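What follows is a set of notes on a single structure, which appears directly below.
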Amino acid sequence: MTDVQEPDTTSTINDISNTPSTTPRVPPKSGFNIDSNVLMKELEPRVRELRNSLGLLRENITALVGLGFVIFIIIIALLAPVICPPTSADPMYIPRDFKQPKPPGADGHILGTGNWGTDMLYGIVWGARTSIIISLFVVITGVLIGLVVGSIAGYYGGRIDNLMMRITDVFLSLPALILAMAIASILERSLENMMLALIIVWWPSYARLIRAQVLSIKESTYVEAARAIGAKTDRILFKHIVPNAISPLIVAATMDIGAVVLVAAGLSYIGFGVSTGSAEWGRMVSDGQSWFLSTVYWEGKAYTASWVVIFPGLAILIFTMGFSLLGDGLRDILDPRLRR
Amino acid sequence: MRLTNYIIKRLLLLIPVLIGVSLIIFTLTRITGDPAAGYINEKMTQSQIDQIYEKYHFNEPVYTQYVYWLNGIITLDWGWSKTYGGPVTDAIAYYFPATLELTLVSIFIAIIIGIYLGIASAVRRNRPFDHVTRVVSLIGVSLPIFWLALILQYLFYFHFGWFPSSGRASNVYYLTKSIPDITGLYLLDSVLVGNFALFKDVLWHIFLPAVTLSFGTIAVVTRIMRNSMLEVLSLDYVKTARAKGLSERSIIWKHARKNAMIPTTTVIGLSFGGLLGGAVLTESIFSWPGLGRWSATSIKLFDSNSVLGFCLLVAIIYVLINLAVDVLYAYLDPRVHLE
């Protein structure tokens with residue numbers, strides 16, 4: 001069996017080498033024109049792959065738990081306007097009553113209130129949106145840059161490769177949080193600039209990953225075959241090599257979604273990124289810290305304000321854990337060497 | 001001899017990386033605002049400001065500026081730290097021992113606990129202990145470190161009152177000026193002068209921040225140690241040891257552990273960079289007077305000179321540690337080919 005499967009033009013070879021297909025072949029209907037027939041045939045191995053993967057997903061407890069967390073967070077983020085309708089034009093602005101923090105359950109605040117009386121539940125719910133936006137934007141942009149740089153470096157090799165890899169070396173020689181700090185320190189403090197700093201930090205690792213994949217795949221026989229039938233370079237690169245190089249990238253990107261949120265929370269905690277009082281989990285922890293462990297009174301009873309820090313931190317933990325678990329499970333599922 | 005050649009080659013390869021890092025930092029210093037701003041304070045007269053421009057060549061083309069800037073870096077002129085109220089290099093020298101002590105103790109904790117947990121879960125593979133360790137180490141890498149710091153403070157300082165919440169030693173020692181100043185590492189210094197009460201006090205103060213900082217590293221070390229231990233346990237020489245009739249205990253802790261440690265060494269070295277990043281957050285929460293807290297304060301005061309100085313220092317340390325780890329790896333594992 002080959003290490004890497006070519007899902008595209010060599011579907012007949014796959015049919016021989018693999019267990020017989022469980023999907024019934026699509027019978028050529030007379031009403032179909034040639035194009036859609038070809039399309040169905042092209043899609044068939046992909047559909048089968050997907051079905052296999054879904055089957056493996058169902059058996060993988062780690063991935064399922066992670067997926068559960070992720071779906072839960074996505075639903076909360078999507079339903080944010082329903083759960084906590086925004087009260088001002090800017091939904092990032094947490095509604096507040098400018099009073100002392102109240103304990104969970106008080107006055108209709110399910111998770112209590114924080115600094116300046118900001119509603120914790122609102123912050124957590126809309127913070128899920130902020131986190132998803134930050135992490136997806138950073139990871140997707142990083143992956144796209146890494147994909148282009150990495151595949152060009154890996155495919156062409158030589159001087160281009162050397163130059164590009166030395167550039168990534170430099171970026172990777174700094175710890176993520178420190179480099180992001182350095183970049184963010186000279187930019188104006190805003191969410192956009194924080195994302196820019198994170199993208200600059202994250203793309204090199206994807207470029208390295210893709211380059212390593214392309215290097216090994218470009219030597220495989222089906223690439224040689226494609227070259228032999230006279231396929232153009234861009235077709236070989238983007239139709240034959242990149243689709244097969246992408247699995248480890250998906251795994252890395254999934255795990256990084258959690259990691260990005262962790263670093264982003266750290267950056268907003270020390271004061272980069274969103275302004276104080278915004279629905280961002282790291283910022284909520286640092287806002288709540290001034291009240292943490294101080295005594296507040298509600299209806300004559302004394303409370304130690306711990307909720308101002310505990311809830312937003314838990315939200316970060318659940319988010320990061322969900323994506324790490326999912327990524328960990330996906331690694332097992334997507335790696336063709338580990339299955340069948 | 002081969003090892004020496006390898007080290008020399010690796011040192012030469014460091015040069016382009018360090019030049020790249022310096023280019024990034026230099027670009028960052030020049031991208032926004034006036035680079036002179038870091039040297040100027042409110043009390044200066046116009047002629048003094050002109051002197052600053054003259055002295056640091058801010059009125060010359062960018063590439064000459066870079067050469068002068070690089071020259072400054074090499075001759076240890078890293079600019080003025082507003083936060084510290086002195087040159088950046090002085091600030092680094094002042095804050096460095098505290099951070100070094102904290103990271104060393106954290107690494108120590110991470111090595112002891114991580115290696116033990118890794119071996120124990122490899123031996124009990126797929127049993128409850130292994131699963132629990134896996135989940136705990138997953139939580140370890142997913143925890144926001146600043147949050148963990150606050151929670152540990154809440155539990156062990158506020159709730160149980162077992163540990164202090166901030167500082168490197170009790171105020172008594174500062175007031176009576178009885179902290180020796182030899183290396184700046186309080187733990188070491190107190191032993192050197194034989195003051196064991198102080199040693200205990202410092203240990204008591206360093207415990208919470210060090211545990212906070214080591215949490216993520218423990219998780220990573222456990223994972224790697226478990227995997228490499230599993231790999232080693234399936235090798236022939238372990239079977240031979242079993243066939244000889246050695247006790248399982250000595251097979252695991254002597255024969256297998258030594259070889260399983262090799263990949264773990266690399267990871268421990270690499271995690272040093274992460275620790276320095278985490279120190280920024282941990283030190284600010286535990287009021288630890290080190291580099292991390294200094295740079296976090298600098299960020300709040302928009303003192304980019306200090307922040308970039310800190311980043312440059314971390315980059316240099318990180319690159320050197322990577323080199324040291326590679327060399328150590330080659331030394332520990334004779335199978336590694338030195339290219």
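What follows draws every value from the coordinates through simple rules; no lab data is involved. Worth saying up front: this structure is predicted, and the values here are computed from it rather than measured. FYI the Cβ positions are ideal-geometry reconstructions off the backbone, even for glycines, and counts take in every protein chain you see.
Based on C-alpha pairs under 8 angstrom that are at least 6 apart in sequence, region A:137-253 has a relative contact order of 38 percent.
Can you figure out the FRET efficiency of B:Y237 with A:S216, using R₀ = 41 Å and their beta-carbon distance, to the nearest 0.05? Can you show the working numbers first?
On the way: r = 31 Å, r/R0 = 0.75.
The formula returns an efficiency of 0.85 here.
For region B:88-332, the Kirkwood radius over C-alpha pairs fed into Stokes-Einstein at 4 °C and 1.567 mPa s yields D = 66 µm² per second. Within chain A, which whole H helices from DSSP have a Cα span along their axis of at least 24 Å and a mean Kyte-Doolittle hydropathy of -0.5 or more, if any? Those that clear 24 Å and a mean of -0.5 are A:34-59, A:61-78, A:120-156, A:191-217, A:242-269, A:307-334.
How high is the FRET efficiency between B:F158 and A:L43 when r is their beta carbon distance and R₀ equals 60 Å, given to the nearest 0.05?
That gives a FRET efficiency of 0.50.
Neighbour counting of Cβ atoms within 10 Å sorts the residues B:V132, A:V296, fewest neighbours leading, into B:V132, A:V296. What's the angle, to the nearest 10 degrees (0 to 90), between helix B:88-123's Cα axis and the longest principal axis of chain B? Roughly 20 degrees between the two axes. Listed by Cβ neighbour count within 10 Å, with the fewest neighbours leading, B:K300, A:K41 appear as B:K300, A:K41. In this simple spin-label model, placing a label point 7 Å from the Cα along the Cα-to-Cβ direction at both B:R125 and A:I140 gives a separation of 4.1 nm.
The modelled label-to-label distance between A:I167 and A:I83, using points 7 Å beyond Cα along the C-beta direction, is 4.1 nm.
Each principal axis of the Cα cloud of region B:198-294 was taken in turn, and the coordinate range along them, longest first, works out to 57, 28, 14 Å.
Given labels modelled 7 Å from the Cα in the Cβ direction, how far is it in nm from A:I74 to B:I74? Once both label points are built, they end up 5.4 nm from each other. Ordering A:D256, B:D236, A:D107 by the number of other Cβ atoms within 10 Å of each residue's own Cβ, fewest first, gives B:D236, A:D107, A:D256.
If R₀ is 45 angstrom, what is the calculated FRET efficiency for the pair B:S178 and B:I139, using the beta carbon separation as r and rounding to 0.05?
On the way: r = 41 Å, r/R0 = 0.90.
Approximately 0.65, to the nearest 0.05.
The fraction of Cα-Cα pairs per 10 angstrom bin, counted from 0 for the protein assembly as shown, comes to 3, 12, 21, 25, 21, 12, 5, 2, 0, 0 percent, rounded to whole percents. Working ranking of peptides B:267-277, B:316-326 by packing, defined as the average number of other Cβ atoms within 10 Å per residue, highest first, is B:267-277, B:316-326. Computed from Cα atoms, the angle from the helix B:304-332 axis to the main principal axis of chain B rounds to 30 degrees. Extension gain, B:I15 to B:F196: 0.36 nm times the residue separation minus the Cα-Cα distance gives 60.7 nm.
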